[in-house]
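K.L.:
Please find one structure pasted underneath; my questions will follow.
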Amino acid sequence: MENRKKFLKKSDLILIAVLLLAALAGGLWYRAAAAQGGRNIAVITVDGKEYMRLDLNREEDQLIHLQDTAGVPVSFEILDHKIRFVQVSCPDHICENTGFVYLEGQSAVCMPNRTSVWIGGEEDVRVVAG
């Protein structure tokens, strides 16, 4: 007579399925809330100082070049309410490979050019004197 023990019981499989469904539902809810929820504000910093804020929900698709205005060889692309580094003169292009950022809390950094972009939400909207 074989005395084998089952690796997973039926109740274990049900528990795993419920946890996976809960995780999937939570992820979808977060993504939908972030995409529709308030305003996604892109904050661009140069040399650790805030350079500009862009409301991604209101901005048109465009390229923003910082070479002429901020003196850094960095460009950003805004497309479909998302922003990313493009046309950067750094040696490794890690910032370009980061891709688009658009959810609150996401960021991308170009270390050689001391430039970053991060996404804030409604509470990050404030008037910047300039």
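The values are calculated or read from the model by the stated rules, or taken from the named source; none is laboratory data. Nothing here was measured: the structure is a model prediction, and the numbers come from that model. Neighbour counts run over all protein chains shown; Cβ positions are idealised from the backbone, glycine included.
K.L.:
Of all the residues that make up segment 49-67, how many are part of a strand (DSSP E or B) and within 17 Å of Tyr102 (Cβ to Cβ)? Working first, answer last.
P.N.:
The first filter runs over segment 49-67 and keeps only residues part of a strand (DSSP E or B), leaving 49-55, 62-65.
After this cut, where a residue has to be within 17 Å of Tyr102 (Cβ to Cβ) as well, the list is 52-55, 62-64.
So the count comes out to 7.
K.L.:
If the Cβ limit is 7 Å and pairs must be 6+ apart or interchain, which residue in segment 110-125 that is under 15 Å from Ala70 (Cβ atoms) pairs with which residue that is at pLDDT below 95 and loosely packed, with under 15 Cβ neighbours inside 10 Å?
P.N.:
If the second residue must be at pLDDT below 95 and loosely packed, with under 15 Cβ neighbours inside 10 Å, the pairs left are Pro112/Pro91; Arg114/Asp47; Ser116/Ser107; Val117/Ser107.
K.L.:
Out of segment 60-77, which residues are crowded, with 16+ Cβ neighbours inside 10 Å, over 12 Å from Val117 (Cα atoms) and out of contact with any helix residue (DSSP H, G or I) (no Cβ under 6 Å at 6 or more places or on another chain)?
P.N.:
Once the filter is applied, which keeps residues that are crowded, with 16+ Cβ neighbours inside 10 Å, over 12 Å from Val117 (Cα atoms) and out of contact with any helix residue (DSSP H, G or I) (no Cβ under 6 Å at 6 or more places or on another chain), segment 60-77 yields Ile64, Leu66, Ala70, Val72.
K.L.:
Still on this structure: Give the residue, chosen from Gly99, Gly105, Gly38, Gly27, that is modelled with pLDDT under 85 and either among the β-branched types (Val, Ile, Thr) or in a loop (DSSP other than H, G, I, E, B) (or both). Break it down into steps so the answer makes sense when it comes.
P.N.:
Working: Gly99 fails: modelled with pLDDT under 85; Gly105 fails: modelled with pLDDT under 85; Gly27 fails: either among the β-branched types (Val, Ile, Thr) or in a loop (DSSP other than H, G, I, E, B) (or both).
Among Gly99, Gly105, Gly38, Gly27, only Gly38 is modelled with pLDDT under 85 and either among the β-branched types (Val, Ile, Thr) or in a loop (DSSP other than H, G, I, E, B) (or both).
K.L.:
Sort out which residues of segment 104-123 are within 19 Å of Glu59 (Cβ to Cβ), crowded, with 16+ Cβ neighbours inside 10 Å and not small (Gly, Ala, Ser), and write them in order of number.
P.N.:
Glu104, Gln106, Thr115, Val117, Trp118, Ile119
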